[in-house]
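Asks: Below is the structure I would like to discuss, written out as structure tokens.
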Amino acid sequence: MALKLYYHPFASFCQKVLTAFYENGIAFEPVVVDLGNPESRAAFAAVWPLAKFPVLRDEARGLTIPESTTVIEYLAQNFPGTTQLVPSDPDLALQARLWDRFYDNYVEHPMQKIVGDRLRPADRRDPHGVAEARALLDSAYRIIETEMAAKTWAAGEAFTLADCAAAPGLFYAELVHPFAERHPRLGAYFERLMARPSFARVVEEAKPYRHFFPQEPAAG
Ligand SMILES: N[C@@H](CCC(=O)N[C@@H](CS)C(=O)NCC(=O)O)C(=O)O
């Protein structure tokens, strides 16, 4: 198969591109990477030395494409489907790209900071960094709550790249820094994402790995 995707079903940036693949029914060969397994990590690092996933390999064109946004841009350009992940209208495309960046930088990254801190040894935690991450998430939630007064999806009335970014970020953010009760429009948007068949499939496929999600450490 021409397209090979290096990923892990539980990793949020991988879920972002899986949502895009499923949205348009694009076939790919799955290569599940276990970064905790030295052999799997080494084989992946030979493909992309940063060893961060997802990474797409298009064997037909001899191309290696890291970075979730770039992977989705590549799919939109070369494997277009009924969902225009990057709209053909340049103004709408700009909105899709803007909100993709917003969700990666101001939802996904602070969410990962909180989760990552839980994985640190107790004496290496970073309470100040976690407090900053929570404050950033609060700002992002307020902005999304305002935006969602006039939109169905992240970038407007159509499902795009930006929703692929929003869905996994919000999924894990709701677990570590809940928003749905305080922000009804954001909560309703999250429900639409959860009901979207492409993302519902991603959530279902990640279920076997849910026990890896770190619980909040006990205070003290
Ligand atoms: N900017 C990258 C971020 C990729 C990323 O950080 N992926 C995480 C998984 S969600 C990862 O590879 N973590 C493993 C590590 O950092 O060692 C993208 O958009 O693809």
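Asks: With r as the distance between the Cβ atoms of Phe213 and Val47 and R0 = 35 Å, compute the FRET efficiency 1/(1 + (r/R0)^6) and round to 0.05.
Replies: 0.85
Asks: Turning to a different aspect of this structure: Please give me, ordered by residue number, the trypsin sites (Lys or Arg not before Pro) of region 178-220 that lie in loop per DSSP and have at most 16 other Cβ atoms within 10 Å.
Replies: Arg182
Asks: Report, to the nearest whole %, how much of the accessible area of the chain belongs to carbon and sulfur atoms, 1.4 Å probe, protein only.
Replies: In the chain, the share of accessible area belonging to carbon and sulfur is 56 percent.
Asks: Turning to a different aspect of this structure: Need the full-extension length gain, Arg185 to Ala135, defined as separation in residues times 0.36 nm minus the C-alpha distance. One decimal, nm.
Replies: Gain on extension, Arg185 to Ala135, equals 16.1 nm.
Asks: While we're on this one: Take Thr160, Thr146, Thr82 and sort them by solvent-accessible surface of the protein heavy atoms, 1.4 Å probe, largest at the top.
Replies: The most accessible residue leads, giving Thr82, Thr146, Thr160.
Asks: A further question follows. For Cα pairs less than 8 Å apart in space and 6+ apart in sequence, what is the mean separation divided by the residue count of the chain, i.e. the relative contact order in percent?
Replies: Value for the chain: 23 percent.
Asks: Say we join alpha carbon atoms closer than 10 Å with springs in a Gaussian network model of the chain; which of Asp163, Asp91, Asp123 then has the biggest fluctuation?
Replies: Asp123
Asks: In Å, what Kirkwood hydrodynamic radius results for region 1-152 from the alpha-carbon pair distances?
Replies: After inverting the mean inverse Cα-Cα distance, the result is 17.3 Å.
Asks: Can you pull the semi-axes for region 80-220, root of five times each eigenvalue of the Cα gyration tensor, sorted largest first, whole Å?
Replies: 28, 17, 13
Asks: Now for a separate question. Within region 17-74, which GluC sites (Glu not before Pro) sit in a loop by DSSP and count at most 13 neighbouring Cβ atoms inside 10 Å?
Replies: Passing sites in region 17-74 are Glu59.
Asks: Please compute, for the alpha-carbon atoms of region 96-171, the extent along each of the three principal axes and give them in descending order in Å.
Replies: 47, 20, 17
Asks: Further question: Rolling a 1.4 angstrom probe over the protein heavy atoms, how many square angstrom per residue are accessible across region 12-108?
Replies: Accessible surface, normalised per residue, equals 49 Å².
Asks: Return the equivalent ellipsoid semi-axes of region 128-194 as a descending list in whole Å, where each equals the square root of 5 times an eigenvalue of the C-alpha gyration tensor.
Replies: With the √(5λ) rule applied to region 128-194, the semi-axes are 20, 12, 11 Å.
Asks: Just the number, please: percent antiparallel of the DSSP beta bridges in the chain, rounded to the nearest 5.
Replies: 70
The values are calculated or read from the model by the stated rules, or taken from the named source; none is laboratory data. Predicted model only: the values in this text are computed from it and were never measured. A quick note on method: Cβ atoms are made from the backbone with ideal geometry, for glycine too, and the neighbour counts reach across all protein chains shown. For accessibility, only protein heavy atoms count, side chains too; no ligands or nucleic acids. Shrake-Rupley method; radii C 1.70, N 1.55, O 1.52, S 1.80 Å.
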